[in-house]
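These notes concern the structure reproduced below.
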Amino acid sequence: QYGLEKPRGYNVSFHYNPHVEYHHFGSSHPMKPWRLTLTKQLVLAYGLEYTMDLYEPRPATIDELEVFHDREYLSFLSQVTPQNAKPDDPAYLSFGFGGESNDCPVFDGLWNYVSIYSGASMSAAQNLNNKQSDIAINWSGGLHHAKKNLASGFCYINDIVLAIQLLLTQNQRVLYIDIDVHHGDGVEAAFESTDRVFTLSYHKFGIDRNGYPFFPGTGNINEMGPTDPANRGKGHSLNIPIDDGIDDEQYKWLFKTVTGAVIEKYNPTAIVLQSGADSLGGDRLGRFNLNIKAHGFCVETVKSYGRPLLLIGGGGYTPRNVARTWCHETAVCVGTELHNELPTHIPYIQAFQGAENGGGILYPDLHNTKRHDNLNTQDNLHKLVTQALENLRYVEG
Ligand code: ZLM
Ligand code: CA
Ligand code: ZN
């Protein structure tokens, strides 16, 4: 209807199993799989499905997940239900479930949910491996905090680690970039002892007024992986700690300068970009002040290097803006521009209408919708970039 034709150049594939939508972490939990429904509705309303290859991947199997995760953890995760869960069982707490914050609740269909989003990331990685796609997208993945035997920060299975492991069968060097507002600690930890994966995370870092560190509390500029010179992974992680309220121009400059230096030095043959949308202005959990196009600039920048690209979701806690951003970034991948006026035939159009919901347009101004003062000075950011570039001294391409 919008007359979009498949652009020459980039083959983009979209890996999405709609069953992921029907899962709920519980009322008032910030992670809402429903944001994926909204994203899909925008992508369809703009006609982007005609510009990509669409896949409905099967759920991953327990054997596939065991490539990274411990068997005992998986057997617990695959069997636990809200009915049989024993919150005082030591196994329950030690695997990261429940607890005081209840970041990782046990909900109905949990195993189904985790196998679906993981299967989609693996399917996307396989498409890159077979050279069927130049860019493969899974907005339901990007759960970067999960460890091999631990659920953490809304993440149970680390689909990113599983996808990178598949890419490593065909690539000597994989670069992982993470623009979620939280530190990509699980992916960094998984590959700390290899130089075949370089991890780069941009995130909010610091202690709040109440004395709590911003989750997960790691990722300062001096954390560069193992320090033992005998460890091949030494210097193959780069962390970019950022303070509250960073704006579009500052973030774009920081991202372009640091990411560009890493790509040129490390020379990866494939790139994985975790595009968590909680770095947007007005996010329920985030602290940054980015607009949708500044977030999308990161996708454009990475795409411009022309390497096989796996693009995955992650955080994002203001669902209407998550959907806007991931729809925009899907368009960036296929190389098309979208009208600011949202098509009116979208199911759930009300979610995007009204002044507080972004006024029925694709690119509302998100600047200071939650009033985080900008604590990042130009001087701090220049020092940060200088240190970041120095941190690349152990890297060979
Ligand atoms: N408490 N409900 C980002 C993951 C962020 C941990 C633990 C002291 C929440 C949050 C859960 C409904 C990604 C922490 C100790 C009390 C925090 C976090 C359930 C609200 C709710 O209303 C909520 C009852 C819940 C959780 C807020 N949790 C906000 N921030 C973080 C985890 C995941 O985006 O990076 C990738 C998907 N957890 O801060 C405590 C440390 C304080
Ligand atoms: Ca990050
Ligand atoms: Zn996050």
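The values are calculated or read from the model by the stated rules, or taken from the named source; none is laboratory data. Source: prediction; values computed, not measured. Quick reminder, even Gly has a Cβ in these numbers, built from the backbone with ideal geometry, and neighbours come from all protein chains shown. In case anyone asks, the SASA skips ligands and DNA or RNA and just uses the protein heavy atoms, side chains included. Shrake-Rupley method; radii C 1.70, N 1.55, O 1.52, S 1.80 Å.
Quick one: would you say L143 is touching a residue at least 60 places away in the same chain (Cβ under 8 Å) and out of contact with any Lys or Arg (no Cβ under 7 Å at 6 or more places or on another chain)? Spelling it out, L143 is indeed touching a residue at least 60 places away in the same chain (Cβ under 8 Å) and out of contact with any Lys or Arg (no Cβ under 7 Å at 6 or more places or on another chain). Which residues, counting only those in region 20-34, are in contact with a Ser or Thr (Cβ under 6 Å, 6 or more places away or on another chain) and either hydrophobic (A, V, I, L, M, F, W, C) or assigned to a loop (DSSP other than H, G, I, E, B) (or both)? Across region 20-34, the qualifying residue is only V20.
What do you reckon, is G314 crowded, with 24+ Cβ neighbours inside 10 Å, assigned to a loop (DSSP other than H, G, I, E, B) and of a type outside the set (D, E, K, R)? The answer is yes for G314. Confirm whether D244 is among the acidic types (D, E), touching a residue at least 60 places away in the same chain (Cβ under 8 Å), in a loop (DSSP other than H, G, I, E, B) and surrounded by fewer than 19 Cβ atoms within 10 Å (Cβ to Cβ). Criteria met by D244. May I ask you to verify whether N239 is away from ligand 1 (no atom under 11 Å from the Cβ) and surrounded by fewer than 20 Cβ atoms within 10 Å (Cβ to Cβ)? For N239, the condition - away from ligand 1 (no atom under 11 Å from the Cβ) and surrounded by fewer than 20 Cβ atoms within 10 Å (Cβ to Cβ) - is not met.
In region 257-302, the residue that is nearest to ligand 3 (Cβ to nearest atom) out of those that are among the charged types (D, E, K, R) and closer than 29 Å to V395 by Cβ is D278. Pairing each residue of region 197-211 that is over 30 Å from N267 (Cα atoms) with any residue that is among the acidic types (D, E) and open to solvent by 10 Å² or more (accessible area, probe 1.4 Å), provided the two are 6+ apart or on different chains, yields C-beta distances under 9 Å for G206/D243; G206/D244. Confirm whether V114 is in contact with a Phe, Trp or Tyr (Cβ under 6 Å, 6 or more places away or on another chain), part of a helix (DSSP H, G or I) and closer than 23 Å to D63 by Cβ. Yes, satisfied.
Within region 189-205, the set of residues being open to solvent by less than 20 Å² (accessible area, probe 1.4 Å) and either farther than 18 Å from I263 by Cβ or within 16 Å of ligand 3 (Cβ to nearest atom) (or both) comprises T199, L200, S201, Y202, H203, K204. All conditions but one from (1) within 14 Å of ligand 1 (Cβ to nearest atom); (2) among the aromatic types (F, W, Y); (3) in contact with a Ser or Thr (Cβ under 8 Å, 6 or more places away or on another chain) apply to F214; the one that does not is (3).
Mind listing whichever residues of region 163-188 are surrounded by fewer than 23 Cβ atoms within 10 Å (Cβ to Cβ) and in contact with a Phe, Trp or Tyr (Cβ under 8 Å, 6 or more places away or on another chain)? Answer for region 163-188, where residues must be surrounded by fewer than 23 Cβ atoms within 10 Å (Cβ to Cβ) and in contact with a Phe, Trp or Tyr (Cβ under 8 Å, 6 or more places away or on another chain): Q165, R173.
Scanning region 272-290 turns up no residue that is out of contact with any helix residue (DSSP H, G or I) (no Cβ under 7 Å at 6 or more places or on another chain) and at positive phi.
Going residue by residue through region 272-280, is there one that turns out to be surrounded by fewer than 24 Cβ atoms within 10 Å (Cβ to Cβ) and away from ligand 2 (no atom under 12 Å from the Cβ)? No: zero hits.
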